[in-house]
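The values are calculated or read from the model by the stated rules, or taken from the named source; none is laboratory data. Treat the numbers as computed from the prediction; the structure is a model and nothing was measured. Note that we place each Cβ from the backbone using ideal geometry, even for glycine, and neighbour counts take in every protein chain shown.
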């Protein structure tokens with residue numbers, strides 16, 4: 001009797017993508033240290049085992065063809081994946097990879113093949129070797145190529161979209177609308193179980209539902225899930241290091257100078273208020289004095305405006321400069337060059353430097369005594385995520401028991417019941 005299988009894409013379905021802080025990019029993990037299962041993935045695969053469904057990975061891994069990692073490293077990641085899944089009571093029955101890419105740099109792997117999705121070659125290979133009935137099986141993936149490969153193989157398709165609502169329009173354009181849509185692998189498996197139990201007949205989503213689940217409605221849950229992932233990955237040790245530096249700054253009577261551009265300037269002004277009022281630290285920012293700042297920009301230029309303001313403020317080694325920036329400053333590409341010049345000056349006088357930044361942290365991360373990097377979970381939302389979490393981090397700092405010296409208004413107001 002032929003078997004049923006659930007074919008699983010790997011990256012973004014079973015494991016998380018990896019962030020490269022050097023280049024500020026998100027890609028497939030390149031070594032076992034970067035490989036981490038997504039929440040619920042192992043439990044989902046365990047459910048497949050309990051339902052007597054084969055769990056088979058079919059994944060494009062062009063990193064081999066492009067020289068990002070070796071077959072040995074890929075095998076090591078596979079072993080780690082199997083081990084983590086087995087630890088939750090699951091089992092991956094087989095793993096099939098396509099190591100090719102038509103624009104690869106490694107001889108022997110630079111080719112257009114039949115195993116690279118959206119071609120169904122890997123699914124056909126698995127079907128031959130395992131006696132699988134593709135018409136009764138499922139393809140689960142987070143990309144258009146997964147849906148197309150599953151469809152060409154004759155399998156039902158499940159699109160996993162934890163934060164990929166923007167792909168819906170591409171699914172529509174390529175006429176690749178999936179049979180089912182789920183938020184993650186665990187939800188996908190639960191949907192498959194519903195179908196297999198005969199409680200769901202026909203496609204998951206009709207045309208009217210597609211229009212409702214357009215790009216905009218999908219954005220809210222996607223953004224919230226991304227925020228949850230950032231919270232999980234925030235470097236708590238870096239935050240505690242900042243707390244220690246700020247406590248020491250206050251002890252020695254040093255001043256705190258906040259620097260930011262755009263949204264960072266807004267944070268700087270608000271942070272000045274809170275650190276003065278709640279944490280008892282003398283704090284300032286150049287953007288609170290529009291007259292002086294615009295005069296400096298007009299007379300001296302934008303690049304030197306913050307550095308010269310710090311000079312005019314008589315910045316000394318006893319003080320601290322604190323940066324809010326999405327990129328952290330990049331002198332080579334002339335991005336936030338005023339921050340770079342200001343940090344150069346801070347280093348010259350020996351002032352402490354802290355920052356809450358996104359992407360790879362830029363110049364701020366290179367020179368800071370403590371720096372919190374906001375993890376990149378969606379490259380298309382780096383700015384809103386970074387600026388959102390900058391506010392979270394400095395609110396955490398001013399309310400930290402080691403820094404807070406004054407009660408905040410609403411926390412000091414006692415609730416009175418009108419009953420009785």
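A few points about this structure:
- None of 30, 76, 46 is touching a helix residue (DSSP H, G or I) at 6+ places or on another chain (Cβ under 9 Å), under 22 Å from residue 117 (Cα atoms) and not in a strand (DSSP E or B) except 30.
- Enumeration of residues in region 327-338 that are buried (at least 24 other Cβ atoms within 10 Å of the Cβ) and either in contact with a helix residue (DSSP H, G or I) (Cβ under 6 Å, 6 or more places away or on another chain) or more than 27 Å from residue 382 (Cα to Cα) (or both): 328, 329
- Top-ranked residue of region 125-153 - restricted to ones that are modelled with pLDDT under 95 and part of a loop (DSSP other than H, G, I, E, B), ranked as farthest from residue 14 (Cα to Cα): 143
- Residue list for region 61-73, filter: outside any helix (DSSP H, G or I) and out of contact with any helix residue (DSSP H, G or I) (no Cβ under 7 Å at 6 or more places or on another chain): 62, 63, 65, 66, 67, 68, 69, 70
- Out of 107, 75, 33, 52, sole residue that is within 30 Å of residue 363 (Cβ to Cβ) and surrounded by fewer than 16 Cβ atoms within 10 Å (Cβ to Cβ): 33
To keep it simple, each residue is scored yes or no on (1) under 23 Å from residue 65 (Cβ atoms); (2) not in a helix (DSSP H, G or I).
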{"residue": "103", "(1), (2)": "yes, yes"}
{"residue": "116", "(1), (2)": "yes, yes"}
{"residue": "123", "(1), (2)": "yes, no"}
{"residue": "187", "(1), (2)": "no, no"}
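- Residue 228 falls short on exactly one of the conditions (1) modelled with pLDDT under 95; (2) surrounded by 18 or more Cβ atoms within 10 Å (Cβ to Cβ); (3) out of contact with any helix residue (DSSP H, G or I) (no Cβ under 9 Å at 6 or more places or on another chain), and that condition is (2).
- Among the candidates 94, 86, 126, residue that is closer than 20 Å to residue 41 by Cβ and crowded, with 21+ Cβ neighbours inside 10 Å: 126
- Residue satisfying condition, being surrounded by 22 or more Cβ atoms within 10 Å (Cβ to Cβ) and either under 16 Å from residue 364 (Cβ atoms) or more than 30 Å from the chain's Cα centre (by Cα) (or both), within set 295, 268: 268
- Residue check for residue 65: closer than 30 Å to residue 359 by Cα and assigned by TED's automatic domain parsing to the domain that holds residue 101: yes
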